[in-house]
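I have placed the structure first, in the form of C-alpha cells, so that the comments after it can refer back to it.
Rule-based calculations on the coordinates, nothing more; no lab input. Keep in mind the model is a prediction, meaning the values are calculated, not measured. Here Cβ is always computed from backbone atoms with ideal geometry, including for glycine, and neighbour counts include all displayed protein chains.
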Amino acid sequence: MANRLFYADNLVALRDHVADGSVDLVYLDPPFNSNANYNILFRSPAGHAAESQIQAFEDSWHWNNAAEDAFEQVMRSGRSRAFDLLRAMRAFLGENDMMAYLSMMAIRLIELHRVLKSAGSLYLHCDPTASHYLKLLLDGVFGKENFRNEIIWCYRKWSVAQGQYPRNHDTILFYARKEGAQTFHTLYGEPSPGTMKRWGGRRQQAVFEGGVRKAGCTGEVARSPIPDWWDISILNPNSKERLGYPTQKPVALLERIISASSNEGDLVLDPFCGCGTTIHAAEKLGRQWIGIDITHLAVSAIERRMKDAFPGVAFTVEGVPRDLASALDLAARDKYQFQWWAVSLVDGMPLDGRKKGADGGIDGLIYFKPDGKRTEKALISVKGGQNVGVGMIRDLHSAMERERAPLGIFITAQDPTGPMLREAAAVGRFTDEFDRGWPRLQILTLADLFQGKRPQIPWPDPLAVLRKARREATEKQENLL
C-alpha cells in the first residue's frame, strides 16, 4: 500500500486503491477557487531566453455536468448531514463557480473520511476565499464535535491592499476522525516575548506546569506549547527549497503537521500533492505515504524531487503509461498531458502547447553542451495521433532552422514512413570539434522509448529542467517534539 504516487483523479484513486480505515493522516491543499492560473517554472541555462513557464493548473471551477454529478453523488452517499448542508449552500449560492467547487470538494471529503483510521486526523489547507464554506462541509462530513482547531499560518510578504488589510495568512482546518481517539503529540517551541515576565527586576521565562504559567528560575529557558497560529516563513523566490512549482509550501509547515498528528511508520495521504512537499516531509520523518495528482507535470516533478532528496528511496508510480496501449489511451484522452509525459521520457523541458502559435509546433527542449561549455538546444516534437507523414518532419526541420537548433527529436506513437525516414536522414549530421557526429533530426517511436532507447545528444544539461531538491537526511520524531 505505502509509498505510492498516483497520476489520477484523486476521487478515482481513492475509490480504487485506498482501503477503508487504512490512513493515519490526511493533509490536503486543494485549489482555493481563486480564479487564478498557476504556472510551473522550468529553468533555462544561463545566457538563454527567459525561463519557461507552463500552466500547472487553472484554479477555477465552473458549474457544469461534472459539478452536477458530484452534487448527486453526495446525495446518494447516505451522508445526510453533509448533503443537507450542501443543498442549503446551493439554495443560497445558486449554481455558480463556488457551488461547483464545494460540490467537488464534498464528495472527496466523504472519501477521505472513509479511508481514515479511527485515530486519524485531517488537515485542510485553505484561504478566506472558501474557508467558511469548507468548515461547514467538514462539520457535515466529520461532525462538528470532531473539529479540533482553526490553525492560522501567518507569514510576511509585501502586498498592497486598497480598502482592506493585507491578507498575509492561510487557514488550516484540523479535524479528528473520531472524538477523543486521534493521535496527537503536543509540540513545543521557543516562547515569544509575550511569555516573558519581570520577576525580581529582570525578565525571566515563564514555565508551564499543569497548564498554569509560573516564574522560571534565573537563566532557565522553558519551551511553550505551540499555539494555533504559526509564524512560518513562506518560500521566497531565492529559497534553496523552491523548485519552481506554484503554491509550493515550506517543508517546515508539513513537518509540524506530520509530527503532531502521526507516529513513525504511519501512513500519510495527500490527495492534491502538487510538487510533493507533504510526501517529502513524510519521507524525511520516517512515515509511509500516498500522493495523488491529476497532472503529469506534478507527478514528474515529485519523482525527480524524491530521487534527488532521498537517493535510493523506494516508491511506485501508478497511472502513468507503462506500455504502448496505455500511452495511446492517454494521447486520446488528453493531448497535452500526453505531450508532457513523452517529453519527460527523454528528460526534456516541456513547452506549453496550449498557447496557440506560441511554440510553433514544438513541444519541448533539451539543452546540451557539445563541448562541455557552450549551450545548444534540441527541439522536441511529439505526435500521438494515428496519422503521421513527411510534412511533420519538414515542419520540425523548419523550426530547427528558425530557432537555430542543431538537433531535433521527433517522437511518434506510430511507425515512421519511408519518406519520413529519408527526409530526416537528409537533414544531415551534427559534428562537434572533436569530430563526433550525431543525426541532426532523430525519429523515436513510443515503442523505442519503452525499450529504453533515447536520443543521441552530446552532454545534455541536467540543470535545465526543474530546480534540484536538496539531499535530505531523515529525522527521528524526538528531534521535533
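Miscellaneous remarks
- Potential extension, GLU433-ARG223 segment - 0.36 nm per residue separation minus Cα distance: 69.2 nm
- Phi angles across segment 121-130 convert, under the Karplus curve 6.51 cos²θ - 1.76 cosθ + 1.60 with θ = phi - 60°, into 3J(HN,Hα) values of 9, 10, 10, 10, 8, 8, 10, x, 4, 9 Hz, Gly and Pro given as x.
- Likely footprinting exposure, ARG156, ARG242, fewest C-beta neighbours within 10 Å first: ARG156, ARG242
- Less than 5 angstrom separates the built amide H of GLY364 from those of LEU351, ILE380, all sequence-distant by 5 or more or on a different chain.
- Rounded to whole Hz, the Karplus (6.51, -1.76, 1.60) HN-Hα couplings of segment 366-383, x for glycine and proline: 10, 8, 8, 10, x, 10, x, 10, 6, 9, 10, 9, 10, 8, 10, 10, 10, 10
- Estimated distance in nm for a label pair at ALA332 and GLU190, the labels positioned 7 Å out from Cα along Cα-to-Cβ: 6.0
- Ordering VAL12, VAL115 by the number of other Cβ atoms within 10 Å of each residue's own Cβ, fewest first, gives VAL12, VAL115.
- Which of CYS154, CYS275, CYS126 has the fewest Cβ neighbours within 10 Å, and the rest in rising order: CYS154, CYS126, CYS275
- Cross-link pairs LYS373/LYS453; LYS117/LYS178; LYS383/LYS453; LYS135/LYS157; LYS307/LYS383 - those with Cα-Cα distance over 19 Å: LYS373/LYS453; LYS135/LYS157; LYS307/LYS383
- Note that segment 421-428 has calculated 3J(HN,Hα) couplings of 5, 5, 5, 5, 5, 5, 5, x Hz, one per residue in order, obtained from phi through the Karplus relation 6.51 cos²θ - 1.76 cosθ + 1.60 (θ = phi - 60°); glycine and proline are x.
- Across segment 324-450, the volume of the C-alpha convex hull divided among the residues equals 109 Å³ per residue.
- Distant-in-sequence amide contacts of ASN149, defined by a placed amide H-H separation under 5 Å and a gap of 5 or more residues or a different chain, comprise PHE174.
- Sequence-distant residues sharing a close amide H with GLY408 (under 5 Å, placed H): LEU379, LEU441, GLN442
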